[in-house]
Amino acid sequence: MDENQRSEQLNPWLYIWIKPRAVIRQELEKSDRERHFILLALLIGIPTLFTSYELNHFDVNYGFIIGISLIVGPIASLIMLYLSSWISAVVGRWIGGNGRAADLRVATMRGWMIPSLATLFISFIDFLLRGDEYFISPAARTEPREIVGFIESLSSGMNSILVIPYFIVSIWVFVIYLKSIGEAHNFSAWMSLLMTIIIVALIFIPLVFIVLLFTAVFAF
């Protein structure tokens, strides 16, 4: 029996792309399901910050970017893993989910952070192709009176041959995330989407209010 179970084990690094719910369920049932999670979060944080760093000027300082990525990236990634999992657990329970924060950490790591390495890989290829320009925001590369194109603003000026693969992979990673969260909470991917919308609203609405308040105060 044990041999049959071992033979049926899904490789989480591969099957998360085609059987996300089955992989998350398998990982949730493991006794050591969070093994190496802290190390993985710390390591993933480095390329995440490096590939997302953006400048509003043309003075690219690689030493600074690499230093920030090595120091801030791991810490931010670890905080994000635990904080986002806790928020997802709380909000998910509001709409009928039953996942705990520990369950959501498995779903977040296996169904979001690890699959996101694929988009980071594409971004790194874009960096190799574009060099310094990669870190400069589209707004900084345009004249003051020019309007940054919608596609360019979304892709941050990514090399044209990588835009479509990047968006396809990004969309599928998001689908994997929704299915993974759904499995952890024992509800559908659509409910995961609703949960995500609620979380975004809870974060975005107060931020808008604060910005408007500061704008009103300092306008006088």
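Explain nothing, just compute: Karplus ³J(HN,Hα) = 6.51 cos²θ - 1.76 cosθ + 1.60, θ = phi - 60°, for every residue of the range 198-211 in order, whole Hz, x for Gly and Pro. These are the phi-based 3J(HN,Hα) values: 4, 4, 4, 5, 5, 8, 6, 4, x, 5, 4, 4, 5, 4 Hz. Between the Cα long axis of helix 160-185 and the first principal axis of the chain there is an angle of about 40°, rounded to the nearest 10. About its Cα centre, the chain has a charge dipole of approximately 600 debye under the convention of +1 per Lys or Arg Cβ and -1 per Asp or Glu Cβ, with nothing else charged. Amide H to amide H distances under 5 Å link I136 with L55, where only residues 5 or more positions off or on other chains count and H is placed in the peptide plane. If R0 is 30 Å, the Cβ-Cβ spacing of A201 and R100 corresponds to a FRET efficiency of close to 0.85. Among the listed values (1) 27, 19, 17; (2) 34, 23, 17; (3) 34, 19, 13, the one matching semi-axes √(5λ) of the Cα gyration tensor in Å as calculated from this structure is (2). Relative protection proxy for 15-25, 100-110, 192-202, from highest mean packing down: 100-110, 15-25, 192-202 (other beta-carbon atoms within 10 angstrom). Remark: the range 92-106, residue by residue, has Karplus-estimated 3J(HN,Hα) of x, 5, 4, 10, x, x, 10, x, 8, 4, 5, 5, 5, 5, 5 Hz, where x stands for each Gly or Pro and the curve is 6.51 cos²θ - 1.76 cosθ + 1.60 at θ = phi - 60°.
Put a dot 7 Å past the Cα of R93, heading toward its Cβ, do the same for I71, and the two dots end up 3.8 nm apart.
The numbers here are math on the coordinates, done by the rules we state, and not lab data. All of these numbers come straight from a predicted model, not from anything done at the bench. Backbone-built Cβ (ideal geometry, glycine too); neighbour counts: all protein chains shown.
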